[in-house]
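The values are calculated or read from the model by the stated rules, or taken from the named source; none is laboratory data. Because the structure is a prediction, the values reported are computed rather than measured. Using ideal geometry, Cβ is built from the backbone for each residue, glycine included, and neighbour counts are taken over all protein chains shown. Ligands, DNA and RNA are excluded from the accessible area calculation, which covers all protein heavy atoms including side chains. Shrake-Rupley method; radii C 1.70, N 1.55, O 1.52, S 1.80 Å.
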Amino acid sequence: MALAFAGRGVRVSVLRLPFSVHGDGDHGFVPALIGMARANGVSAYPGDGANRWPAVHRLDAAHLYRLALEAAPAGARLHGVGEEGVPFRDIADVIGRHLNLPVTAVSRGEADGHFGYLAHFVTLDAPASSALTRERLGWHPVQPALIPDIDKGHYFDKPAA
């Protein structure tokens with residue numbers, strides 16, 4: 001809908017963000033996964049854990065929004081992806097390590113019971129690329145990647161609500 005305005009002289013673009021927009025103060029998927037691990041006593045991953053989640057640090061995403069406002073051509077479709085695909089097993093591993101919980105696989109059938117409302121997202125293999133966005137706007141993420149960001153420990157300072 002918004003892109004229809006580009007033909008009327010309005011400089012509009014669409015910016016797609018990945019599942020995980022992470023960083024200090026995150027209230028999204030990572031804190032929810034940590035809360036589920038605490039509640040279930042295990043940090044789990046679906047199947048073999050090879051399914052991938054794209055991610056971006058929130059400060060890199062903010063920088064991309066600024067670039068889009070300043071320089072994106074009308075009608076641009078942009079992807080704010082800092083990492084094309086982080087294996088879900090790696091996410092479960094770092095959460096389990098920080099919570100001192102076992103890390104284990106759950107079947108696709110068990111995923112609903114363990115992950116609840118997030119089961120659909122957790123089981124997706126959804127790599128995404130920002131190559132065209134980087135080329136078009138000269139955007140280069142510089143903030144910590146997802147696993148090092150989780151590993152910093154700020155996600156574990158207080159229990160998720």
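With a Förster radius of 41 Å applied to the beta-carbon distance between ARG77 and THR104, the computed FRET efficiency rounds to 0.60. If you take all other residues with their beta carbon under 10 Å from the beta carbon of HIS57, and give Lys and Arg +1 and Asp and Glu -1, the sum is -4. With an a/c value of 1.5 or above and a/b not larger than b/c for the gyration tensor axes a ≥ b ≥ c computed over the alpha-carbon atoms, the range 78-161 is described as oblate. When Rg and Dmax are taken over the Cα atoms of the chain, they come to 17.4, 56 Å. What part of the accessible area of the range 1-71, given as a whole %, is carbon or sulfur when the probe is 1.4 angstrom? Carbon with sulfur: 58 percent of the solvent-accessible area. Taking all protein chains into account, the per residue accessible area for the range 1-132 stands at 49 Å² (1.4 Å probe). Considering all different alpha carbon pairs of the range 56-127, the Kirkwood hydrodynamic radius works out to 15.0 Å. Of the DSSP H helices in the chain, those that are both long (alpha-carbon extent of 18 Å or more along the helix axis) and hydrophobic (Kyte-Doolittle mean at least -0.5) are 58-71.
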